[in-house]
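Quick notes on the structure that follows.
Only the coordinates and a few stated rules stand behind these numbers; no lab work does. Only a predicted model underlies this, so the values are computations on that prediction, with no experimental measurement involved. Because the Cβ atoms are built from the backbone with ideal geometry, glycine has one as well, and the counts that use them run over all protein chains shown.
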């Protein structure tokens, strides 16, 4: 006779390869980014300082930024989002941007204007998103963005910076400014990316472990494997 419920192993759960942002439980006033492999629960992020999103092409970096913006807009609907993006940016329709600049020349103008505006205490409701930051090195946008990042740091404005991992390894001042966040996620990472981008060691990894949208997230010196949720 079979004894039910005795000695039966619980079902093994694993990190999903696709999950919708709307399926994540609420994090209260803390926005969420995806699901962690250690708890299979929602992983949140602190919208303070800055957050670097890095990854290879087609790894899900733009989707990660979109998820973060949508999650922030849900928990902080009064936020004004400002986009410094590429022409034909995939982020253009993610939210109703308070302001947007596309291409180095437009970015130069908006970055200078916004840095001046941040002296206003009301600007703490602003979130700055910089897309393809490695592509802006040594352009007319480079120095204005450095000034903007300093202003964001001084006035408590949250910054999300995104770029291809291969373009983020140098020692340019603009890159050093975003690496100083020491917080972020690398999609489809290599082991050396932790030290290069966050001065935090990553565990040994293999590429099959990381389908699109999966990466290693660094917060408070801790590393967690996450599957980023998909925005609707």
Completion exercise
Here the percent of antiparallel bridges among DSSP beta bridges lying wholly in the chain, to the nearest 5, is 40 percent
Fill in the blank from the handout: From fewest to most C-beta neighbours within 10 Å, the residues 224, 206, 64 line up as 206, 224, 64
Exercise for the section: Could you work out how far helix 61-75 tilts from the main Cα principal axis of the chain, as a 0 to 90 degree angle to the nearest 10? Expected result: 90 degrees
Handout entry: Simple label model, 7 Å out from Cα along Cβ direction - residue 37 to residue 206, nm
Key = 1.1 nm
Problem - Listed candidates (i) 11.4; (ii) 14.4; (iii) 16.3 - label of the one calculated as mean projected area of the Cα convex hull in nm² - result: (ii)
Practice task
Give me the angle, in degrees from 0 to 90, between the Cα long axis of helix 142-155 and the longest principal axis of the Cα atoms of the chain, rounded to the nearest 10.
Solution key: 70 degrees
Practice task
Relative to the longest principal axis of the C-alpha atoms of the chain, give the angle of the C-alpha long axis of helix 104-117, reported between 0 and 90° and rounded to the nearest 10°.
Solution key: 90 degrees
Exercise for the section: Can you tell me how much longer the chain between residue 13 and residue 88 gets when fully stretched, taken as 0.36 nm per residue apart minus their C-alpha distance, in nm with one decimal? Expected result: 23.1 nm
Completion exercise
Residue separation between residue 74 and residue 29 times 0.36 nm, minus their alpha-carbon distance, gives in nm 15.3 nm
Exercise for the section: Over all alpha-carbon pairs of the range 47-88, lay out the pair-distance distribution in 10 Å bins, whole %, shortest bin first. Expected result: 23, 55, 22, 1
Exercise for the section: Would you please state which residues of the range 63-87 a label at residue 98 would reach in this model, taking the label point 7 Å out along Cα→Cβ and a backbone N cut-off of under 20 Å? Expected result: 65-86
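Before rounding to the nearest 500, sum -39500 (n - 2.57) across all DSSP H runs of length at least 4 in the chain and divide by the residue total; then give [θ] at 222 nm in deg cm²/dmol.
Result for the chain, helices only: -7500 deg cm²/dmol.
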Problem - Segments 106-115, 167-176, 47-56, 75-84 sorted - mean Cβ within 10 Å per residue, highest first - result: 47-56, 106-115, 75-84, 167-176
Practice task
Rank 221, 34, 147 by mean-square fluctuation in a GNM of the chain with C-alpha springs under 10 angstrom and give only the top-ranked residue.
Solution key: 221
Problem - P(r) of the range 191-232 over all Cα-Cα pairs, binned every 5 Å from zero, in whole percent - result: 6, 21, 29, 24, 13, 5, 1
